[in-house]
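Heads up, the thing below is written out as C-alpha cells.
The values are calculated or read from the model by the stated rules, or taken from the named source; none is laboratory data. Given the structure is predicted, the values throughout are model-derived calculations rather than measurements. Don't worry about glycine lacking a Cβ; one is built from the backbone with ideal geometry, like all the others, and counts go over all protein chains shown. In case anyone asks, the SASA skips ligands and DNA or RNA and just uses the protein heavy atoms, side chains included. Shrake-Rupley method; radii C 1.70, N 1.55, O 1.52, S 1.80 Å.
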Amino acid sequence: MSSPYGPQHAPAGDVGAALMLIDSRLRSIHEGSPESDAEQQAMMAQFTESLGPEGADDLLDGVCTLIYMFMTWLRKAHEDHDKDVIEYVVPTLVASMRMSIRPEAVPTMAGLVIAAGTGLSPSLWRKQYGDWTEAEMTPLEATAFLLAEHINRIADDADFATRVITDALSRAEDEL
C-alpha cells in the first residue's frame, strides 16, 4: 500500500551538502581535536548561514534523505541476517542520542529513524507535525551522524557510510 509519506513524494534536497556536513563531522570526531571541532562548527555555521532560507530547507531535506538512505542500507543489511532493523538499530541509536542530544528531541529523532526504517520519507513524516524548529537542527545532524557511525562500525571502515552515499549519487548521475 502506497503512502503519501513515501520517499517518491519527498524532495531529495541537497544531499551533497548534507553528506559534506556529516562526513566533516565524522572526520572531526575521529581526529579527536577539540580545536578542530570548534573551527569545524564555526565553518559549518558560516556555511549554513550562507545558504539562505531556501538553501537551508534543501540542506534539511538532504539530511533527511541521508537518514533514509542510511536506514535503507541498514534495513537491507539486517534483512540479510533475518533481523529487523528497528529492533536492532533503534534501541542502540536512542541510547546514543540520550547521551548526545536534548532529551525532548529524542522522541522526534527516534520517530524520524523509525519512519525511514519502515520505508517512509523522514522529511515528509516530520512535516506532518509542522515546520522544523531551530532546536531540532543539532539533533537532526546528530541523528544522521550516529547512523553513519553505526554503519561504519558494522563495516569496520571509517569511510564506509560516506562511500555508500557517494556511490549511490554517482549511480544516479550516470542514469540521468
Value in Å of the Kirkwood radius, where the range 116-176 supplies the Cα pairs that are averaged: 13.6 Å
How many percent of the accessible area of the range 41-113 is carbon or sulfur, using a 1.4 Å probe? 54 percent
Accessible area of the chain divided out per residue, in Å², using a probe of 1.4 angstrom: 55 Å²
The chain: radius of gyration over Cα atoms, expressed as a fraction of 2.2 N^0.38 Å: 0.99
Candidate cut points under chymotrypsin sites (Phe, Trp or Tyr not before Pro) in the range 109-163, DSSP loop plus at most 15 other Cβ atoms within 10 Å of their own Cβ, are Tyr129
